[in-house]
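S.K.: Structure below; questions to follow.
The values are calculated or read from the model by the stated rules, or taken from the named source; none is laboratory data. Remember, it's a predicted structure, so these values are computed and weren't measured experimentally. Note that we place each Cβ from the backbone using ideal geometry, even for glycine, and neighbour counts take in every protein chain shown.
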Amino acid sequence: MTKEIRHITVIGAGNMGHQIAISAAIAGFQVICTDQNPDALQRARDFADTYLAGRISKGRMSEQEVTKTKAGLRFETSLAAAVQQADLIIEAIIEKLEVKRALFSELDTLCPPRTILATNSSYIVSSQIASATNRPDKVVNMHFFNPALVMNLVEIVKGPHVSAETVELLEAVSIQMGKTPIVLQKEIYGFVVNRMLQATRKEALNLLDSGVASVEDIDQAVMKGLGYPMGPFQLLDLTGIDLAYHVGMEKYQSSGNEADKPSPTIVEKFEKGEWGKKVGKGFYIY
Ligand code: NAI
């Protein structure tokens with residue numbers, strides 16, 4: 001057991017947060033999951049019940065293990081109550097810099113001085129958030145992958161302000177969660193995996209927008225020709241087209257480079273509310 005980290009609070013119970021919380025609870029941490037939207041929190045609670053019951057029926061966990069996991073997993077609507085005992089916060093809220101900075105500034109006043117404040121952001125480096133707090137050495141990127149209960153990679157980014165101790169603790173927590181941590185020695189937009197992913201995605205959207213091939217055929221090509229488990233459009237539907245839109249807009253706003261804007265197809269789908277699997281329609285219908 002990671003001695004210094006026993007209590008973990010996950011903020012944001014959406015696509016990523018609820019599964020990070022369940023993973024941490026299964027690993028034996030005392031976990032609180034919180035969200036400003038009570039409906040999201042209820043969905044997370046329902047998912048946890050169904051998922052953990054499924055673990056028993058599939059023979060992956062014993063009834064005792066599930067009972068212990070449930071006892072260590074709380075859903076809490078009050079942010080202050082959720083974070084007051086936390087050794088580690090994992091933030092998984094909307095991908096907007098100003099919203100994250102406001103939250104971290106509030107957390108800095110609500111949490112004990114020892115608390116590490118990690119962000120699960122896909123693209124925003126923690127140095128852009130750390131200055132909103134008085135504990136920059138403990139503000140860090142800890143990036144999980146979707147779906148967090150299945151994907152076992154965690155990217156930890158050692159920005160210039162982050163202490164070696166913070167990185168070591170997050171490596172230990174990741175390992176205890178059954179994940180493989182990799183450490184980036186410097187901050188870079190998109191970290192390792194999303195830089196690789198963006199290159200494929202950009203070309204897939206380019207091929208689609210130029211009328212070269214259909215969504216289905218591009219996905220087939222990437223799966224059968226490159227051996228990827230999913231095609232780029234299937235993955236966009238899974239991770240959320242709204243997220244791809246916000247990521248593109250954030251990048252464009254900070255770089256001013258037109259090429260960073262989300263592609264016309266992403267903008268169109270975002271505006272139509274076709275955000276992917278979570279709403280039943282994206283590039284595919286669910
Ligand atoms: P989501 O939209 O599914 O969930 C976000 C949740 O945060 C919502 O339930 C919302 O009510 C809540 N929220 C928003 N502002 C809040 C606040 N101020 N306080 C408390 N709760 C708040 O988003 P998703 O996809 O889970 O992404 C969350 C973060 O994880 C983002 O930073 C994203 O870049 C990152 N991420 C997303 C991945 C994905 O595949 N969706 C993969 C890896 C990282």
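S.K.: Identify, by number, the condition in (1) closer than 27 Å to S254 by Cα; (2) surrounded by fewer than 16 Cβ atoms within 10 Å (Cβ to Cβ); (3) without any contact (Cβ under 8 Å) to a residue 40 or more places away in the chain that N206 doesn't meet.
M.R.: Condition (3) is where N206 drops out.
S.K.: Restricting attention to the range 101-126, report how many residues are more than 13 Å from the chain's Cα centre (by Cα) and either touching a residue at least 12 places away in the same chain (Cβ under 8 Å) or crowded, with 23+ Cβ neighbours inside 10 Å (or both). Don't jump to the end; show me each part of the working.
M.R.: First, the residues of the range 101-126 that are more than 13 Å from the chain's Cα centre (by Cα): 101-117, 125-126.
Filter once more, keeping what is either touching a residue at least 12 places away in the same chain (Cβ under 8 Å) or crowded, with 23+ Cβ neighbours inside 10 Å (or both): 101-108, 110-117, 125-126.
Counting residues in the range 101-126 that are more than 13 Å from the chain's Cα centre (by Cα) and either touching a residue at least 12 places away in the same chain (Cβ under 8 Å) or crowded, with 23+ Cβ neighbours inside 10 Å (or both) gives 18.
S.K.: One residue is enough: does the range 63-81 have a residue meeting the conditions under 24 Å from S126 (Cα atoms) and either at pLDDT below 95 or more than 18 Å from the chain's Cα centre (by Cα) (or both)?
M.R.: yes
Residues are listed down the side, and each one gets a yes or a no for (1) assigned to a helix (DSSP H, G or I); (2) more than 27 Å from K138 (Cα to Cα); (3) in contact (Cβ under 8 Å) with a residue 24 or more places away in the chain; (4) assigned by TED's automatic domain parsing to the domain that holds K179:
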residue: N15; (1), (2), (3), (4): no, no, yes, yes
residue: R43; (1), (2), (3), (4): yes, yes, yes, yes
residue: G54; (1), (2), (3), (4): yes, yes, no, yes
residue: V66; (1), (2), (3), (4): yes, yes, no, yes
residue: R74; (1), (2), (3), (4): no, no, yes, yes
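S.K.: State yes or no: is I129 under 20 Å from S163 (Cα atoms) and either β-branched (V, I, T) or within 11 Å of the ligand (Cβ to nearest atom) (or both)?
M.R.: Values: under 20 Å from S163 (Cα atoms): yes; either β-branched (V, I, T) or within 11 Å of the ligand (Cβ to nearest atom) (or both): yes.
Here the answer is yes, as I129 does meet what is asked.
S.K.: Right, another one. Quick one: which of L226, L238, L205 is within 30 Å of A25 (Cβ to Cβ) and not assigned by TED's automatic domain parsing to the domain that holds A86? Lay out the reasoning, then the answer.
M.R.: Numbers: L226 fails: within 30 Å of A25 (Cβ to Cβ); L205 fails: within 30 Å of A25 (Cβ to Cβ).
Of L226, L238, L205, the one residue that is within 30 Å of A25 (Cβ to Cβ) and not assigned by TED's automatic domain parsing to the domain that holds A86 is L238.
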